[in-house]
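A.B. asks: My questions all concern the structure below.
The values are calculated or read from the model by the stated rules, or taken from the named source; none is laboratory data. Model, not experiment: these values are computed from the prediction. A quick note on method: Cβ atoms are made from the backbone with ideal geometry, for glycine too, and the neighbour counts reach across all protein chains shown. Note: areas computed on protein heavy atoms with side chains; ligands, DNA, RNA excluded. Shrake-Rupley method; radii C 1.70, N 1.55, O 1.52, S 1.80 Å.
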Amino acid sequence: MKKTVIVGEGIAGLTAGVYAQLNGFKSEIYEKNPVAGGQCMGWDRKGHHIDNCIHWLTGTKKGTELYKIWETLNAIGDDVEMIHNQTFYTSKLDGKSATLWRDLDKTQRELLQIAPEDAEEIHKLISHVRLAECCEMPFNKPMDMMNIFDYINMGKKMAGMFKVMKEYDKMDIEDLGNRFENPLIRKLLTDYMCKEYFASSFIISYATMTSGNGDIPLKGSLAMTNRIIKRYKELGGVLHTNKPIKKIIISHNKAEGVILNDDTVVHADYVICATDTAETFGRLMDSSYMDKKLKVCYENPNDYPVFSGLQMAFSADNNLFSDETIIFDFKPITIGNNDVTRMSLKSYHYDPSFAPEGKTVLQVNIMQRKDDFDYWKSLNKQDYKNAKQTIAEAVTDRIIECFPKLNGHIELLDCWTPLTYEKYCNSFNGAYMAFIEKKNIKIPRLKGKVNGLSNVFIASQWLQSPGGLPVAAATGKFVIQRILKKEGKSINI
Ligand SMILES: Cc1cc2nc3c(=O)[nH]c(=O)nc-3n(C[C@H](O)[C@H](O)[C@H](O)COP(=O)(O)OP(=O)(O)OC[C@H]3O[C@@H](n4cnc5c(N)ncnc54)[C@H](O)[C@@H]3O)c2cc1C
């Protein structure tokens, strides 16, 4: 039986492990942290659970290709209760608010009432979100392994998407917002995702929710990761935690195995790097092995930006905050070189297991760019700690100013920055999604192969924009299909 060593126990690595075990390989996964899961994670503070990942899980609709992967992983299934939140989010401006509801008709009615002057664009937007509900990334097999029939089937399934692409082609989220006259509607459309993303990314994300294909598993990210780990172990897979990998051992254009930080050598027939690609090329192996197209992305950060978050979790009395996710203005807070004036506040009231009775967890996420990352990175340990505390106190004050009922009923649980992701997951600039796909800039779709090394493969959210859990899981499966192909076996898994 051939042996596969997988580096990294995030969702990509765990998925590769499950599919390796299901397809006749012996596999071992090595993780640097004491717990598996990578960015699909959660942790406890003062009797509360902080869920760090799933805002929506694409692929929760039965019958989709992604649902089949999640089910195979034991991530979701008939025995996992799903949360069907009623709103995508709410934006507030000058005392008025607008909401993107799960129910598209309700959204349309609300937006028309707020902005009759934008009626034409509102109708257009809603009808295109409806069309985008058919959008399903092809996750049965890698696109380069698809045959003509696969392409025909994909074309049929995605017919509505062609109209969406035609209408909103070459437009980013900021351009989309500018189509509307009403300032609140403009804010609503540009509030949630980075403004440089293609407009269609926003439409697809919202359609994922309205179509019922983007729900949340009860008990959140960590519980989902643990179900996948359970599946992997039941299949005979071996997990090693607290075992950072130093290097891949390469000899005569072939990997012989890996070497751990403690200098232990592990031999393997195949090595799968399921780490951030900046870690894969540069630390695990020489950066000269990096695909030229990927190198272009790293070398041109203006064309290929990434983002992270400055986040805070709070405990609050659960009857004092009624929104699911709300984005609002506040008096400026200086973070590094930037004044921040808008934040998103999400309530986890939907999952009672996250907080003691009578309480709920609220989370703030303030978008962070490369210059913010550089600011955090420039601080020494004490200054970093102080800055976090000062900013967290200012954010708490601003929340109370905007929601006075919370005064005396809100307590900070934790604050974490882009450096947290760098430290724990070796994430490039603290990013937790792949490169942002901007208009006029094509992000390469990478195959997960390594030039010149026939037995080294990559599984990672970084292989395909926008990244996230679906890409991590799909690339984990694809990597095993590529190895099966190399072994001359059927790839129809
Ligand atoms: C706040 C937040 C919200 C998010 N919300 C969503 C959402 O709603 N929906 C969604 O789809 N996605 C979401 N994501 C993104 C999603 O979590 C990630 O895209 C996904 O988990 C990435 O998986 P991965 O396996 O590719 O990488 P990672 O999770 O980064 O896993 C890589 C693993 O490799 C390990 N590693 C690194 N270097 C080494 C080494 N040298 N040796 C051994 N191990 C190593 C790391 O410790 C890590 O465990 C969110 C992420 C965050 C942080």
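A.B. asks: Taking the stretch 1-63, which trypsin sites (Lys or Arg not before Pro) meet the DSSP loop condition and have no more than 15 other C-beta atoms within 10 Å? Write down the numbers at each step before the final one.
C.D. replies: Details: sites: Lys2, Lys3, Lys26, Lys32, Arg45, Lys46, Lys61, Lys62; in loops: Lys2, Lys32, Lys46, Lys61, Lys62.
Loop-located and lightly packed - Lys2, Lys46, Lys62.
A.B. asks: Let me ask something else about it. Would you mind getting the accessible area per residue of the stretch 172-268, heavy atoms of the protein chains only, 1.4 Å probe, in Å²?
C.D. replies: With the other protein chains kept in place, the stretch 172-268 gives 41 Å² per residue.
A.B. asks: Can you compute the helix-only [θ] at 222 nm over the chain? Use -39500 (n - 2.57) per DSSP H run of at least 4 residues, normalise by all residues, nearest 500 deg cm²/dmol. Write out the running numbers ahead of the final one.
C.D. replies: On the way: 16 runs with 176 residues, N = 493.
Roughly -11000 deg cm²/dmol at 222 nm, from the helical runs in the chain.
A.B. asks: So how far, in whole Å, is the C-alpha centre of the stretch 120-151 from the one of the stretch 376-429?
C.D. replies: 38
A.B. asks: Which entries of Lys62/Lys96; Lys388/Lys442; Lys32/Lys388; Lys163/Lys447 have Cα-Cα distances beyond 32 Å here?
C.D. replies: Lys62/Lys96; Lys388/Lys442
A.B. asks: If the only charges are +1 at each Lys and Arg Cβ and -1 at each Asp and Glu Cβ, what is the size of the charge dipole of the chain around the Cα centre, to the nearest 20 debye?
C.D. replies: My answer is approximately 1600 debye.
A.B. asks: Please go through the residue pairs Lys219/Lys438; Lys377/Lys439; Lys2/Lys489; Lys106/Lys187; Lys61/Lys219; Lys439/Lys477 and name each one whose alpha carbons sit more than 23 Å apart in this structure.
C.D. replies: Lys219/Lys438; Lys377/Lys439; Lys439/Lys477
A.B. asks: Rounding to the nearest 20 debye, state how big the charge dipole of the stretch 99-211 is about its Cα centre with +1 on each Lys and Arg Cβ and -1 on each Asp and Glu Cβ. Intermediate results must be reported in sequence, preceding the final value.
C.D. replies: Values: 15 positive and 19 negative charges, 69 e Å.
With only Lys, Arg, Asp and Glu charged at Cβ, the dipole is about 340 debye.
A.B. asks: List the residue ranges in the chain for DSSP H helices whose C-alpha atoms run 24 angstrom or more along the long axis and whose Kyte-Doolittle average is 0.0 or above. Write down the numbers at each step before the final one.
C.D. replies: Values: long enough: 381-402 (32 Å, -0.81); 469-486 (26 Å, 0.60).
Helices passing the filter in the chain: 469-486.
A.B. asks: Roughly what % of DSSP beta bridges within the chain run antiparallel, to the nearest 5? Can you show the working numbers first?
C.D. replies: On the way: 55 of 73 bridges.
Around 75 percent of the beta bridges assigned by DSSP in the chain are antiparallel ones.
A.B. asks: Still on this structure, please answer the following. Using a 1.4 Å probe over the heavy atoms of the protein chains, calculate the carbon and sulfur portion of the accessible area of the chain as a whole percent.
C.D. replies: In the chain, the share of accessible area belonging to carbon and sulfur is 50 percent.
A.B. asks: Specify which residue in the list Leu189, Tyr421, Trp101 is farthest towards the positive end of the charge dipole of the chain, using unit charges on the beta carbon of Lys, Arg (+1) and Asp, Glu (-1), about the Cα centre.
C.D. replies: After comparing all options, I get Tyr421.
A.B. asks: If you don't mind, another one. What accessible area per residue, rounded to a whole number of Å², is obtained for the stretch 364-447 using a probe radius of 1.4 Å? The partial results should precede the final answer.
C.D. replies: Working: 4270 Å² over 84 residues.
Per-residue accessible area for the stretch 364-447 comes out at 51 Å².
A.B. asks: So, one more: Once the dipole of the stretch 270-318 is set up with Lys and Arg at +1 and Asp and Glu at -1 on Cβ about the Cα centre, which of Ala313, Ser287, Thr277 lies farthest towards its positive end?
C.D. replies: Ser287
A.B. asks: Sticking with this structure for a sec: What is the projected area of the convex hull of the Cα atoms of the chain, averaged over all directions, in nm²? Mind dumping the intermediate values first?
C.D. replies: Values: hull surface 91.7 nm².
Result: 22.9 nm².
A.B. asks: Across the Cα atoms of the stretch 308-430, what radius of gyration and what greatest pairwise Cα-Cα distance (Dmax) are found, in Å?
C.D. replies: In order Rg, Dmax, the Cα atoms of the stretch 308-430 give 14.6, 41 Å.
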